[in-house]
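This report concerns only the one structure given below.
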Amino acid sequence: MIRLQGVSKTFHPGTVNQVTALRPVTLDVAEGDFITLIGGNGAGKTTLFNLIAGSFLPSQGSIRIHDRDVTSEPEYRRARYIGRIFQDPLLGTAGSMTLEDNMMICYRKGMRGLRISLNRERRSFFREQLVHLRMGLENRMKDNVRLFSGGQRQALTLLMMVLSRPDLILLDEHTAALDPGNADLVLELTRRYIEEYGLTAMMITHNMQQAITCGNRLLMMDQGEIILDLRGEEKRNLTVEGLVERFHSIRHREMESDRARLS
Ligand SMILES: Nc1ncnc2c1ncn2[C@@H]1O[C@H](COP(=O)(O)OP(=O)(O)OP(=O)(O)O)[C@@H](O)[C@H]1O
């Protein structure tokens, strides 16, 4: 479904500020893959997401999605079929609009631009979807979203993204800014939606246990390279200690200081 061929990114090339954020990466993502992505600070995870989402152009290489070369397609066009959720729960919803209007925008996007309006039938469909969040939001459809908590907004962002029926979802530490209760809830919803709708997803996390338990494939990055790509039995049998050892045997050094945070 996605093919990155020799994709790299160097910022400020030829200057004293030159940074190689991503060394040439070749990666195939299959339809229905749920990939967890881990790695220390500055490993290149967000850069990889930015390149897939089209936030900037690669220095080298090509990106194909559904067999179409999208290497130079701008971000706003890719946003039609790529959904992205960030750490900041305020980014995914429009705070000054009502909950039902927020949902309608995404629903319309999922209908690929069909001119549809918010009627009784759709309101009741939205209400039904909100009941599944178990946050009581089905009774607050006329409230402005800015009144909601971070956890409620992130759960809503997730639901709205599903309504927009993206081909690929990019989750950039989307539970990291939430309190533990809400983080668990949003993660559980994420897993449920991905499974129920057969979504293709990539999720950056700093939590190694989460990376091991979620998804069907795990990538580990370090210094702009993908150093591990595990799936199937190999992924299922992973432990946090095993992963730390794999890192050590590949890189011949300890995992950086955030090892505690990683585990
Ligand atoms: N726009 C930019 N300009 C210059 N350097 C950048 C830019 N974006 C990222 N970098 C650098 O590229 C490297 C990789 O950064 P990236 O954000 O992809 O890492 P990451 O794995 O997501 O890290 P973290 O877990 O800390 O968010 C870092 O050295 C970073 O400082």
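The values are calculated or read from the model by the stated rules, or taken from the named source; none is laboratory data. Since this is a predicted model, take the numbers as computed values, not measurements. Neighbour counts run over all protein chains shown; Cβ positions are idealised from the backbone, glycine included. Note: areas computed on protein heavy atoms with side chains; ligands, DNA, RNA excluded. Shrake-Rupley method; radii C 1.70, N 1.55, O 1.52, S 1.80 Å.
With θ taken as phi - 60° and the coefficients 6.51, -1.76 and 1.60, list the Karplus ³J(HN,Hα) couplings across the range 144-150 in order, rounded to whole Hz; mark glycine and proline as x.
Each residue's phi maps through the Karplus curve to give 6, 5, 5, 7, 8, 6, x Hz.
Would you mind checking which residues have amide H under 5 Å from L22's amide H? H placed 1.01 Å from N; only 5 or more apart, or other chain.
For L22, the qualifying residues are K9.
At most 13 other Cβ atoms within 10 Å plus a DSSP loop assignment makes a site exposed; report the longest stretch of the chain without any exposed GluC sites (Glu not before Pro).
It works out to 32-253.
What trypsin sites (Lys or Arg not before Pro) in the range 68-153 are in a loop by DSSP, with at most 16 other Cβ atoms within 10 Å of the Cβ?
Those that pass, being in a loop and sparsely packed, are R80, R112, R115, R134, K142.
Where a Cα-Cα gap under 23 Å defines reach, which lysines qualify for K109, not counting those fewer than 8 residues away within the same chain?
Within the straight-line cut-off, K109 pairs with K142.
First compute the accessible area of the range 11-84 with a 1.4 Å probe, then give the percent of it belonging to carbon and sulfur atoms.
49
Cut-off under 16 Å on the C-alpha distance; same-chain residues fewer than 8 positions from K9 excluded. Which lysines are left, in chain and number order?
Those lysines meeting the cut-off are K45.
Considering the Cα positions of the chain, please state its Rg to one decimal place and its Dmax as a whole number of Å.
Over the chain's Cα set, Rg and Dmax evaluate to 19.2, 62 Å.
I'd like the Karplus ³J(HN,Hα) series for the range 217-228: coefficients 6.51, -1.76, 1.60, θ = phi - 60°, whole numbers in Hz, and an x wherever there's a Gly or Pro.
8, 10, 10, 10, 10, 7, 6, x, 10, 8, 9, 9
Using only the heavy atoms of the protein chains and a 1.4 Å probe, how would D184, D101 rank by accessible area, largest first?
D184, D101
What percentage of the solvent-accessible surface of the range 170-263, computed with a 1.4 Å probe over protein heavy atoms, is contributed by carbon and sulfur atoms?
46
Calculated from DSSP H runs of 4 or more alone, at -39500 (n - 2.57) each and per residue, what is the 222 nm mean residue ellipticity of the chain, nearest 500?
The helix contribution divided over the chain gives -10500 deg cm²/dmol.
If r is the Cβ-Cβ distance from E188 to Q18 and R0 is 35 Å, what FRET efficiency results, to the nearest 0.05?
After rounding to 0.05, the efficiency reads 0.25.
Quote the convex hull volume per residue of the range 59-148, based on C-alpha atoms, as a whole number of Å³.
Per-residue hull volume (Cα only) is 146 Å³.
Would you please give the residues with an amide H less than 5 Å from that of M135, counting only those at least 5 places away or on a separate chain, with H modeled from the backbone geometry?
none
Amide H to amide H, which residues 5 or more places from R217 or on other chains are under 5 Å from it, using H placed in the peptide plane?
F34, T36
Given contacts defined as C-alpha pairs under 8 Å and at least six residues apart, what's the relative contact order of the chain, whole-number percent?
Answer for the chain is 26 percent.
Could you list the square roots of 5 times each eigenvalue of the Cα gyration tensor of the range 166-208, that is, the equivalent ellipsoid semi-axes, sorted largest first and rounded to whole Å?
Square roots of five times the eigenvalues give 19, 12, 7 Å.
Keeping every protein chain present and rolling a 1.4 Å probe, give me the accessible area per residue for the range 100-166 in Å².
Here the per-residue accessible area is 53 Å².
Ordered by residue, what ³J(HN,Hα) values in Hz, to whole numbers, does the range 95-107 give under the Karplus form 6.51 cos²θ - 1.76 cosθ + 1.60, where θ = phi - 60° and Gly and Pro are x?
Residue by residue, the range 95-107 yields x, 8, 10, 6, 4, 5, 5, 4, 5, 5, 4, 6, 4 Hz.
Can you give me the convex hull volume of the Cα atoms of the range 177-263, divided per residue and expressed in Å³?
Dividing the Cα hull volume of the range 177-263 by its residues yields 113 Å³.
Can you pull the accessible area of H206 for me, 1.4 Å probe, Å² to the nearest 10?
Taking all protein chains as shown, H206 has close to 20 Å².
Using a 1.4 angstrom probe, figure out how much accessible area the range 28-74 has per residue, in square angstrom, rounded to the nearest whole.
Per residue, the range 28-74 has an accessible area of 39 Å².
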